[in-house]
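A quick write-up on the structure given underneath.
The values are calculated or read from the model by the stated rules, or taken from the named source; none is laboratory data. Keep in mind that what you see is a predicted model, and the values were worked out from it rather than measured. Note that we place each Cβ from the backbone using ideal geometry, even for glycine, and neighbour counts take in every protein chain shown.
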Amino acid sequence: MSGPLASLKVLDFSTLLPGPFASLLLADMGAEVLRIESPTRMDLLRVLPPHDHGVSASHAYLNRNKRSLALDLKQAEAVEIVRQLVKDHDIVLEQFRPGVMERLGLGYEALKAINPKLIYVSITGYGQTGPYKDRAGHDINYLALSGVASYTGRRDSGPLPLGVQLADVGGGSLHAVIGLLAAVIARQQSGVGQYLDVSMTDCAFSFNAMAGAGYLACGVEPEWENQVLNGGSFYDYYRSRDGRWLSVGSLEPAFMQQLCAALGRPELAAQGLSPKPEQQKALKQQLQIEFEKRSFAELCALFAAADACVEPVLSLSEALEHPQLKAREVVSQVPRGDGSTQAQMACPLKFSQGLPAPRHIGAAVGAHSDEVLAELGFSARRIDELRRAKVIK
């Protein structure tokens, strides 16, 4: 089983999370992904705890199914190796600050001259243009500048630091994959590649889908707890008697009726339809009273039989045991290379023809250097010379 992207070959210069998550998706779908890594400047993801068998679990997951070629790109011989690789690769994915690849002689224009069909993807915090293009940033900064954090939180405590990297993964990784696959389709028609500039801040800004549309068209500024979906209505989390939480998303009348009936308060259902903030606040208070009368287990049992859009807030360990996630097979056993396997999150995409089985966890730096160079026609003697000169590892 080769996967739907088996025809694509990717050179991945990225590190940390955004680029590697994008190339993980490509590799899971069958693309041949070759990481180009520095032999001296380690990807910090490799040392991020926790570790399993001496390897960062995050690295082992994000870089599974990828080969690693360790090159010192500050040396001319290493740059020449990349230029040779580009001749038969479809995609370059990089995550440096603007201008870095150009200074190395590996910018889009230089590589397009070698391979006009090349699709070149740059993921950065702020994009290739604008006054912030050279500024450092992280996920929390992109969410702050894009406006998302201004109404994601509570009035009394401010914005929430999300437990997942929304701008990194949702913004950088997923938009990069969408864009590059669109470019692949366009190339099938035109025969030429193109350059893709992915700004994680731009992409995070697009997540203001409903609130942003309302502001741009009607001038309604979203704030903490003043929108239907950000705590300004009964759509929220509620605490059980024993301190656990459940999510309530009973927006439609039919779901609201089931919610209130299950709690023994059918008369509350009419309040859920009111757009008035004071009515919503009063309803939330009544719902919280009802939730706090019952334990978490009692509430879970109560709503298991009700189609009310009410679900428990689960820990990761609990989520893994939930029958829905187990039925969807969200975990894969991935070979470590020593005969054993590591449990990892599976590719979430389900294809009717299936996907290839995971081949291996993230590889050591330069684990495939000899193999890749031999494929380019380098002799064992020449490879040894390059290693002694510290061009490769």
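Per the listing ALA144, ALA136, ALA182, ALA186, the residue uniquely out of contact with any His (no Cβ under 8 Å at 6 or more places or on another chain), surrounded by fewer than 19 Cβ atoms within 10 Å (Cβ to Cβ) and not in a helix (DSSP H, G or I) is ALA136.
Residue count for the stretch 293-316 under the criterion of being within 30 Å of LEU355 (Cα to Cα) and exposed (fewer than 12 other Cβ atoms within 10 Å of the Cβ): the result is 2.
Condition test on PRO277, is it exposed (fewer than 13 other Cβ atoms within 10 Å of the Cβ) and over 26 Å from the mean Cα position of the chain (by Cα)? Yes.
For VAL334, the stated conditions hold: it is crowded, with 18+ Cβ neighbours inside 10 Å and outside any helix (DSSP H, G or I).
Sub-8 Å Cβ pairs linking a first residue in the stretch 177-195 that is among the aliphatic types (A, V, I, L, M) to a second residue that is surrounded by fewer than 14 Cβ atoms within 10 Å (Cβ to Cβ) and at pLDDT 95 or above, at least 6 apart or interchain, are VAL192/PRO116, ordered by first then second residue. Condition test on ALA319, is it assigned to a helix (DSSP H, G or I), surrounded by fewer than 17 Cβ atoms within 10 Å (Cβ to Cβ) and of a type outside the set (Ser, Thr, Tyr)? Judged against the criteria, ALA319 is a match. The condition of being modelled with pLDDT under 95, β-branched (Val, Ile, Thr) and either in a loop (DSSP other than H, G, I, E, B) or touching a Phe, Trp or Tyr at 6+ places or on another chain (Cβ under 6 Å) (or both) holds for only one of VAL192, VAL169, VAL228, VAL164, that being VAL228. Considering only residues in the stretch 353-388 that are in a loop (DSSP other than H, G, I, E, B) and touching a helix residue (DSSP H, G or I) at 6+ places or on another chain (Cβ under 7 Å), the one that is surrounded by the fewest Cβ atoms within 10 Å (Cβ to Cβ) turns out to be LEU376.
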